[in-house]
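Below is one structure; the comments refer to it alone.
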C-alpha cells in the first residue's frame, strides 16, 4: 500500500504527493505516447520483458512513480539508490543482495537510481557489467538529457525514454483524483476548489503533478474541512512561481533556443516572452546579451549592419546596468533583432572561406600587398591606392586564383551591397582599371 516507501502506520502521515502516487499503469496520468496501450514500453512492462532504461524529463512527470509501478507489475524486488548520496559502496551492497536473491529465490531485482546523472564516469562504469549481465533491471531517472549527462557505454545498454511535462488536462485529472479520493487523498475534507484557483494552481505547476498535489495539500491546511480554496488561498499555497529553469538543466538550453529561433522567425512577441522568462528565472543578462551579439552577425548580418552595433551596446549595458533596468535594454535589442531583415550570407561566406583555407591550395600574399617587399618583387609604388581613383575603386590582384565566398542577398542593406559588387564586376569585365 505504501509503495515501498513507508510502513503502514506512517503512510497516513506521508505527503499527499506520495499517498496519491499511481499504483498501476492504468492509474498513471500522461505520457500516452510512450505508455499508452500497445506501445513498446507498456508491453515490455506488462509481459515482464523490460530491459534497463533511463527515464528523463522535467520534475513531477512520473519517473519515480513509473519505476515503482514496474516493480509492482513485474514482481521484481525493488532497490533504490540516490546518486547524490550513494556511491560505489552502496552499489556493491545492492549487487550482492541481487545475486543472493537470484540464487536463493530465483527473483529478479529492479534497481531504481534517482538523479542518475550525478554518478561520475567511474560510478557509471561500475553499473555496466551488472546491467549487461542482466543481474538487475536498472531504471535511472534524470532531469538532464542523457545524451550529454551519461557515458556512451551506459546509454548503449539502456533504452532512453523521454517523459514530457504534463498538460493542463493531465494536471486537472491529478487534482480531481486527489480531491475525490477518501482513502489516500483529500476526499474526506469535502473541499471546494474555485475555478480561478484551479487555473492558478495548474498554471503555477508548470506541468509538474507534484506541485499540484503540494498546492492542494497546503490549501487544505489553510481552509480546513469543508472549506473553499479561493484564488487568494491558492496564491498563498503556491508561493512564487517556480520556473523549470536552471543554468545546468535542460530548461536553460531549451529556453535560449526558443528565444533565438523566435527572433530568427521575426516574431518579436514570442522572443520577448522567452526573454522575460529567462530574466524572471534569474538568467545572467550577459549570457543573453552575448547570444544576441552572435545572432546579429549570424542571422541579421549585412541585411542590417546596425544590428551588430546595437547588440554590442546592449552587451556593454548588461555588464553595467542594474537588474531593474536591464530588461529595458535587452527588450529594446530583442525587438530590433526580431523585426530586422534577416540574412545569413556573412555566416555562409566565412564558412566557405574557412573551408577553402583548410582544404584548398595555399596562396601566397600577392607581391603588391606585402608590407615588406621581398627580393624580386615589383616596386612598392606599383600598388594602386583605391582612394586615388574615381569611385574609390581600382582593379588589381588581391588574391591569387580568386574564389567567390560572399554572395549578397536581396534584403535590407544587402540590396545596395549587391548592386555595388555588380558594378565592380562590370568594371572588371570591361577591363576598366579605375571606377568612374
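The values are calculated or read from the model by the stated rules, or taken from the named source; none is laboratory data. This is a predicted model, so every value here is computed, not measured. Ideal geometry is used to build each Cβ from the backbone, glycine not excepted, and the neighbour counts take in all protein chains shown.
Can you name every residue in the range 180-197 that is touching a strand residue (DSSP E or B) at 6+ places or on another chain (Cβ under 8 Å) and assigned to a helix (DSSP H, G or I)? Correct list: 197 only. For residue 111, are the conditions met, namely being surrounded by 17 or more Cβ atoms within 10 Å (Cβ to Cβ), without any contact (Cβ under 8 Å) to a residue 60 or more places away in the chain, within 26 Å of residue 160 (Cβ to Cβ) and over 26 Å from the mean Cα position of the chain (by Cα)? Here the answer is yes, as residue 111 does meet what is asked.
Is it fair to say residue 30 is at pLDDT below 90, within 30 Å of residue 173 (Cα to Cα), in a loop (DSSP other than H, G, I, E, B) and out of contact with any strand residue (DSSP E or B) (no Cβ under 8 Å at 6 or more places or on another chain)? Yes. Any idea which of (1) surrounded by 17 or more Cβ atoms within 10 Å (Cβ to Cβ); (2) assigned to a helix (DSSP H, G or I); (3) touching a helix residue (DSSP H, G or I) at 6+ places or on another chain (Cβ under 9 Å) is the one residue 177 doesn't satisfy? That leaves (3) as the condition not met.
One line per residue, one yes/no per condition, for (1) on the phi > 0 side of the Ramachandran plot; (2) assigned by TED's automatic domain parsing to the domain that holds residue 35; (3) outside any helix (DSSP H, G or I); (4) in contact (Cβ under 8 Å) with a residue 24 or more places away in the chain:
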site: 94; (1), (2), (3), (4): no, yes, no, yes
site: 117; (1), (2), (3), (4): no, yes, no, yes
site: 148; (1), (2), (3), (4): no, yes, no, no
site: 173; (1), (2), (3), (4): no, no, no, yes
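The residues of the range 380-391 that are assigned to a helix (DSSP H, G or I) and surrounded by 13 or more Cβ atoms within 10 Å (Cβ to Cβ), listed by number, are 386, 391. Checked against the criterion of being modelled with pLDDT of 85 or more and surrounded by 14 or more Cβ atoms within 10 Å (Cβ to Cβ), the candidates 394, 357, 403 yield just one match: 394.
Against the conditions (1) out of contact with any helix residue (DSSP H, G or I) (no Cβ under 9 Å at 6 or more places or on another chain); (2) modelled with pLDDT under 80; (3) surrounded by 15 or more Cβ atoms within 10 Å (Cβ to Cβ), residue 434 satisfies every one except (1). Evaluation of residue 290 against the conditions (1) in contact with a helix residue (DSSP H, G or I) (Cβ under 7 Å, 6 or more places away or on another chain); (2) surrounded by 16 or more Cβ atoms within 10 Å (Cβ to Cβ); (3) at pLDDT below 95 shows that the sole unmet condition is (2).
If we scan the range 217-234, do we find a residue that is within 26 Å of the chain's Cα centre (by Cα), farther than 30 Å from residue 131 by Cα and surrounded by 18 or more Cβ atoms within 10 Å (Cβ to Cβ)? No, the conditions are met nowhere in the range 217-234.
For residue 302, are the conditions met, namely being touching a helix residue (DSSP H, G or I) at 6+ places or on another chain (Cβ under 6 Å), surrounded by 15 or more Cβ atoms within 10 Å (Cβ to Cβ), in the same structural domain as residue 266 (by TED's automatic domain parsing) and without any contact (Cβ under 8 Å) to a residue 60 or more places away in the chain? No: the conditions fail for residue 302. Based on this model, can you work out whether residue 342 counts as more than 19 Å from residue 280 (Cα to Cα) and in contact with a helix residue (DSSP H, G or I) (Cβ under 9 Å, 6 or more places away or on another chain)? Yes: the conditions hold for residue 342.
Residue count for the range 36-82 under the criterion of being surrounded by 14 or more Cβ atoms within 10 Å (Cβ to Cβ) and touching a strand residue (DSSP E or B) at 6+ places or on another chain (Cβ under 9 Å): the result is 27. The residue that is farthest from residue 54 (Cα to Cα), among those in the range 114-134 that are in contact with a strand residue (DSSP E or B) (Cβ under 9 Å, 6 or more places away or on another chain) and buried (at least 19 other Cβ atoms within 10 Å of the Cβ), is 130. Here residue 164 fits the description: surrounded by fewer than 18 Cβ atoms within 10 Å (Cβ to Cβ), at pLDDT below 95, under 13 Å from residue 29 (Cβ atoms) and under 26 Å from the mean Cα position of the chain (by Cα).
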